[in-house]
Every structure is written in C-alpha cells, then in structure tokens.
1. Just give me the residues in the stretch 102-141 being polar (S, T, N, Q), open to solvent by less than 80 Å² (accessible area, probe 1.4 Å) and at pLDDT 95 or above, in sequence order.
2. For the stretch 29-114, which fully contained strands (runs of 3 or more DSSP E) count at least 1 residues that are small (Gly, Ala, Ser) and closer than 18 Å to Ser19 by Cα?
3. With the requirement that a residue be open to solvent by 80 Å² or more (accessible area, probe 1.4 Å) and not charged (D, E, K, R), what does the stretch 142-176 give you?
4. Take Val42 and decide whether it is modelled with pLDDT under 95 and under 21 Å from Tyr77 (Cβ atoms).
5. Consider the stretch 1-34. How many of its residues are modelled with pLDDT under 90 and of a type outside the set (A, V, I, L, M, F, W, C)?
6. Which of the residues that make up the stretch 113-151 are among the polar types (S, T, N, Q) and within 16 Å of Leu175 (Cα to Cα)?
7. Would it be correct to say that Gly37 is out of contact with any helix residue (DSSP H, G or I) (no Cβ under 8 Å at 6 or more places or on another chain), on the phi > 0 side of the Ramachandran plot and modelled with pLDDT under 95?
8. Assess whether Ala210 counts as being at pLDDT below 90 and more than 30 Å from Thr119 (Cα to Cα).
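The values are calculated or read from the model by the stated rules, or taken from the named source; none is laboratory data. As the structure is a computational prediction, the values presented were derived from the model and not from experiment. Here the Cβ positions follow ideal geometry from the backbone for every residue, glycine too, while neighbour counts run over all protein chains shown. Note: areas computed on protein heavy atoms with side chains; ligands, DNA, RNA excluded. Shrake-Rupley method; radii C 1.70, N 1.55, O 1.52, S 1.80 Å.
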Amino acid sequence: MESIEGGVMKRYNPVVEQSKSQLAALGKIESRTQFGGYALTVEKIIFAYINEDALYLRASEALHVYNAQRSLEPLVYRKRGVPVTLSYFKVDTQLWQNPEQLLQLSACSLRAAQDEAATRLVSLRLKDLPNLSLRLELMLHKVGISSVQLLCETGSRQSWLKLRAVNKHIGLKTLLALEGAISGHHEAALPSAIRQELYTWYLKMLRQHAAEHQPL
C-alpha cells in the first residue's frame, strides 16, 4: 500500500506502523529510509532499524543479557557487496509476544543511543560542525561559547549577537552558518522558511543597532 504525503509517494510498511504503535510510550517515533530499510528515531536519535520486515533493536546492556539467553540474529547489510554487521539485534517472536519486555528493552536501546550521542556531543569541537571554521571557533571561544553544547543552548541568534558585539563586521552569512551548524545543515541547504525568518530578524537587528547609535 502506498500513500501521498507532502507530494511524495510513501510506501506503507506494517512493521514500521506496528513498532510505532507498540513502542509509543518511548515518545514520538519517526521513521526514515536507511540501509534499504527504515531507521526508527526519537528526537532524531536512532534506536532501532526495520529491515526486510523485521525489527532490530540497538545493542544495550539489557539486550545483551536477553541475547545471551535467546541468541538473537544481528543486523547485516551489504555495503558495495561486502556484508557489514551492525550492533542491532532482531526482535524474535517470543519478544513480540511480550509487549512489556519489548518496551523495556527498546527503552534501554534508546537510552544507550542517547548516552552515545551525548558523549559524542561533548567530544565534538565547534570547528567540526557544518560551516564552522577554526577562525569562527576561536571567535566563539572569545565570547564564552566554547563547546557544541553551549552553542546549541545559546542558539544561533544570541550567539550571533555576542559575536556582533565584539566584531561589527559579522553579517548575515555568519548568522546562517551558525543556524546550519546547530541544525546539521550546510548554510546553503537551510530550508527557505528558516532563511527568510533569520533574514527578517537580521534586518530588525540592524535597524535597532542603527537607531541606538543615532546622534542626539
């Protein structure tokens, strides 16, 4: 079965829908195509895959314990013809028939994925983000934004204002670069609605700055 969503043809997958329904307590579950199947995410964190109509959960301590008893099948996909084994394990019939345990193990998989993402966020440098050069990283350090986490918490607009306060030549391109760095987009690939919103805000800030510096 196929459906039209936002003008794009989308194939209905019963396992995706069943998984979303059965694991709804984890939060808003979204799916996207990946590795020829579907990745399941909560707040953009991947915790499970669906491949050939089977659900695979991300490895976690709790899943390793269950796996030791049941010997679950790992997820294998082919990359240029070479088999690659991922740290995801197939949900067997017994686990599908135990919704409570399935939800518990899925929650552990999600937590493991979230912990890994948080660790990666701490170790990532600002210059490693899209659009950010070493020069811009050093400028951000000078205004007190010394980590990816701080940049995300501060947001593109407040970060831009901090930079603008010490360098009046900071312009729209830097604002868009900061937004892209936070959202994971190349500056040129930002959605048009976001670009327009930032452009409007940027003009407002310029007018406000000009008014504040008008001679009395």
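1. From the stretch 102-141, those polar (S, T, N, Q) are 104, 106, 109, 114, 119, 123, 131, 133; that's our starting set.
Filter once more, so that each one left must be open to solvent by less than 80 Å² (accessible area, probe 1.4 Å): 106, 109, 114, 131, 133.
Across the stretch 102-141, the qualifying residues are Ser106, Ser109.
2. Values: elements: 29-34, 37-42, 45-51, 54-58, 74-79, 82-90.
In the stretch 29-114, the matching strands (runs of 3 or more DSSP E) lie at 29-34, 37-42, 45-51, 54-58.
3. The initial filter retains those residues of the stretch 142-176 that are open to solvent by 80 Å² or more (accessible area, probe 1.4 Å), namely 142, 149, 153, 158, 162, 165-166, 168-169, 173.
Listed by number, the residues that qualify are Gln149, Gln158, Ala165, Val166, His169.
4. On the way: modelled with pLDDT under 95: yes; under 21 Å from Tyr77 (Cβ atoms): no.
Taking the combined requirement at face value, the residue does not satisfy it.
5. Restricting attention to the stretch 1-34, the residues satisfying the condition of being modelled with pLDDT under 90 are 1-13, 32-34.
Going one step further and asking which of them are of a type outside the set (A, V, I, L, M, F, W, C), we end up with 2-3, 5-7, 10-13, 32-34.
The number of residues fulfilling the criteria is 12.
6. Kept after step one, since they are among the polar types (S, T, N, Q), are these residues of the stretch 113-151: 114, 119, 123, 131, 133, 146-147, 149.
The answer is Asn131, Ser133.
7. Values: out of contact with any helix residue (DSSP H, G or I) (no Cβ under 8 Å at 6 or more places or on another chain): yes; on the phi > 0 side of the Ramachandran plot: no; modelled with pLDDT under 95: yes.
Taking the combined requirement at face value, the residue does not satisfy it.
8. Working: at pLDDT below 90: yes; more than 30 Å from Thr119 (Cα to Cα): yes.
Yes.
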